[in-house]
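Here is the structure we will look at.
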Amino acid sequence: MKKSSAFIMVVPGLVILAICLFLPLLRVLVPTFYTGDYLFSAYADFFKDSYYLKIFVRTVKVAVITTIVCMAAGVPTAYFISRCDKKWRGILLSVSIFPMMTNSVIRSFAWINILGSNGIVNRFLMMSGLVDKPVKLLYTDFAIIIGSVYLFLPLMIVTVAGVMENIGDDMMEAALSLGADRLKAFMKVIFPMSLPGIIVGGILVFTGTLTAYTTPQLLGGNKNMVLATFIYQRAMSVGDWNGAAVISLIMIVVTLAVIKGFNALAARLDKRGGDHA
Amino acid sequence: MRKNKLLTAFAILVFVFMIAPLIIITVTAFGEGSAITFPIKTFSVKWFVNVFALKSFRISFVTSLEIALLATVIALLVGIPAAYALARSGMKGRGFLKSVFLSPTIVPGIVIGFVLYQFLVLTLKIPVFVGLLAGHFMVTLPYVIRVVGSSLDQFDFSVEEAAWSLGCTKTGAFFRVVLPNITSGISAAFMLAFINSFNNIPVSMFLSGPGVSTFPATLMNYIEYNYDPTVSAVSVVLMAVTVLLMVIVDKTLGVAALAK
């Protein structure tokens, strides 16, 4: 293929990306470097402010816990799906994909009905006499975490199941015939082989939770803000556009750092797996 | 293969966790009272009537369809040639170019909406609808690049070269040989991009204005001020459409096409 025609094919996309993404990003984010007393002082101020720091820490905490829970629940489930026969695999995969295709407003709304003061959990607790008055579940960090797990668990399962499907049954059987028990065979053979999928799933869940807007807004409320909801609040309610831009860049940097970190971890685990082999 | 009972039980619990909340919503949509209750006391479809009676829902639904469709079509028009060039040419910096095309996935949706609102809408005075479309283009483009790209990676380009040697022009070969061979990838990219654009909220949060509001944003707004089964009824309608779409995809492309 001629260079000139390849060039023509990529240019329209690059032009739109430049005008509608890169240029706006630069125009809005770069000026934040120069606001305040010295270079990057707006960023130093952000991390000095205990209220801002609390929101930052909450966001990271929610993302870390959500990722761990999604891995713990998603990896065995993905393994289960990958070992089913073709018919069941199709059904279970569809059941996992369905929530992903359903709007996140709906999926968060479901948890308002479950966790609210008049919700299912609280009415059960009251009826059974365990508590006298409703327990505050909604508008807490716990609600954001459970909503985020609910949002991203299907993504984890589908991503990991896709990788595990390609690992043949004979791998497990070989490990078993060589004397490993099932758990050991899973940990020593299946798990390392599906690590690339688990890492990709981890990146998707972590960055997704870190930047999610809908779930923290609906389940966390105004008192339990995370970075994404905080951007909106700074810009729209307070009119602090510079502050919103500062938070924007922080989110982008953390996202990039997490992706790099996960990939570095994957490379290291891969090498260690090789040493054992 | 013999199944581990513990693993089976665990997987069942996980699936109950994923599905039960959606079943609860579905049941509450048919309750009569204006407070959401589960289980329901009396059966009614009046909240479904309310869904179709609400003007803001109707208008924003049409807006969302327009935005999702336009954004997806533009992403396909721009993305298919780009994915082809990335897969086919020995261009220098292919890897870098690909990451440029996928870069919208690294920028959080709320940030895309925020910078587009500030730059396109406030500074350049571009209409909000166009800004919203630009934002949703950023949602749809990576799906096209990724899904069409992976189907091009599996395509045997010697078929295209055979067409050339038989006298077909480069353009002719692209349209008559390459495109027909990647239609399933294009369809999958279309579905994924469309659904994700339609469902997207963060990008649209800033990019709304008089008469311009997406359906999920309107729904979210409604939830924050009202708490009645109308939203449950909307959910049931949307879930029914989703099931229908998934059945169509399963019959044509296989449901795994949506797992990308």
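The values are calculated or read from the model by the stated rules, or taken from the named source; none is laboratory data. Owing to the predicted nature of the structure, the values given are computational and were not obtained by experimental measurement. Ideal geometry is used to build each Cβ from the backbone, glycine not excepted, and the neighbour counts take in all protein chains shown.
Would you check which residues across segment B:19-38 are more than 9 Å from chain A (Cβ to nearest Cβ) and in a loop (DSSP other than H, G, I, E, B) and list them? Answer for segment B:19-38, where residues must be more than 9 Å from chain A (Cβ to nearest Cβ) and in a loop (DSSP other than H, G, I, E, B): B:A29, B:F30, B:E32, B:G33, B:S34. Confirm whether B:T171 is within 11 Å of chain A (Cβ to nearest Cβ), more than 28 Å from B:A82 (Cβ to Cβ) and not in a loop (DSSP other than H, G, I, E, B). In short, no. If you go through segment A:212-247 and keep only what is assigned to a loop (DSSP other than H, G, I, E, B) and without any contact (Cβ under 8 Å) to a residue 60 or more places away in the chain, you end up with A:Y213, A:N222, A:G239, A:D240. Criterion applied to B:A75, B:A85, B:A134 was being of a type outside the set (F, W, Y), in contact with a Cys (Cβ under 8 Å, 6 or more places away or on another chain) and either surrounded by 22 or more Cβ atoms within 10 Å (Cβ to Cβ) or over 22 Å from B:Y222 (Cβ atoms) (or both), and the one residue passing it is B:A134.
Counting only helices (runs of 4 or more DSSP H) that sit wholly inside segment B:181-239, those with at least 3 residues that are surrounded by fewer than 24 Cβ atoms within 10 Å (Cβ to Cβ) and either touching a residue at least 40 places away in the same chain (Cβ under 8 Å) or touching a helix residue (DSSP H, G or I) at 6+ places or on another chain (Cβ under 8 Å) (or both) are B:183-199, B:215-225. Within segment B:137-156, being buried (at least 24 other Cβ atoms within 10 Å of the Cβ) and of a type in the set (A, V, I, L, M) holds for B:M138, B:V139, B:L141, B:V144, B:I145, B:V147, B:V148. When you look at B:T242, is it within 11 Å of chain A (Cβ to nearest Cβ), without any contact (Cβ under 8 Å) to a residue 60 or more places away in the chain, among the hydroxyl-bearing types (S, T, Y) and under 30 Å from A:G197 (Cβ atoms), yes or no? So B:T242 fits the description; yes. For segment B:41-49, the criterion of being within 12 Å of chain A (Cβ to nearest Cβ) and in a helix (DSSP H, G or I) is met by no residue.
Only a single item in (1) within 17 Å of B:K260 (Cβ to Cβ); (2) under 16 Å from the mean Cα position of the chain (by Cα) is not met by A:I145, and it is number (1). For segment B:248-260, state whether one or more residues are in contact with a Ser or Thr (Cβ under 9 Å, 6 or more places away or on another chain) and among the basic types (K, R). Yes, some residue in segment B:248-260 is in contact with a Ser or Thr (Cβ under 9 Å, 6 or more places away or on another chain) and among the basic types (K, R). Of everything listed in (1) under 15 Å from the mean Cα position of the chain (by Cα); (2) within 11 Å of chain B (Cβ to nearest Cβ); (3) among the hydrophobic types (A, V, I, L, M, F, W, C), the single unmet condition for A:M236 is (1).
Taking residues in segment A:29-50 that are touching a residue at least 40 places away in the same chain (Cβ under 8 Å) and assigned by TED's automatic domain parsing to the domain that holds A:W241, and partners anywhere that are assigned to a loop (DSSP other than H, G, I, E, B) and not hydrophobic (A, V, I, L, M, F, W, C), the pairs with Cβ atoms closer than 9 Å and at least 6 places apart or on different chains are A:A42/A:Y34; A:A42/A:T35; A:A42/A:G36; A:Y43/A:G36. Among residues of segment A:9-33 being over 13 Å from B:F119 (Cα atoms) and within 8 Å of another protein chain (Cβ to nearest Cβ), the one that is surrounded by the most Cβ atoms within 10 Å (Cβ to Cβ) is A:G13. Just for segment A:66-88: of the residues that are among the small types (G, A, S) and within 15 Å of the chain's Cα centre (by Cα), which one is farthest from the other protein chains (Cβ to nearest Cβ)? That would be A:A72. List every residue pair whose Cβ atoms lie under 6 Å apart, where the two residues are 6 or more positions apart in sequence or sit on different chains, the first residue falls within segment A:89-111 and is more than 7 Å from every other protein chain (Cβ to nearest Cβ), and the second residue, located anywhere, is modelled with pLDDT of 95 or more and not in a helix (DSSP H, G or I). Going by the 6 Å Cβ cut-off, there are no qualifying pairs. Given the criterion surrounded by fewer than 17 Cβ atoms within 10 Å (Cβ to Cβ), over 24 Å from A:T229 (Cβ atoms) and in contact with a Leu (Cβ under 9 Å, 6 or more places away or on another chain), identify the matching residue among A:F40, A:F98, A:F124, A:F47. Of the residues listed, the single one that is surrounded by fewer than 17 Cβ atoms within 10 Å (Cβ to Cβ), over 24 Å from A:T229 (Cβ atoms) and in contact with a Leu (Cβ under 9 Å, 6 or more places away or on another chain) is A:F124.
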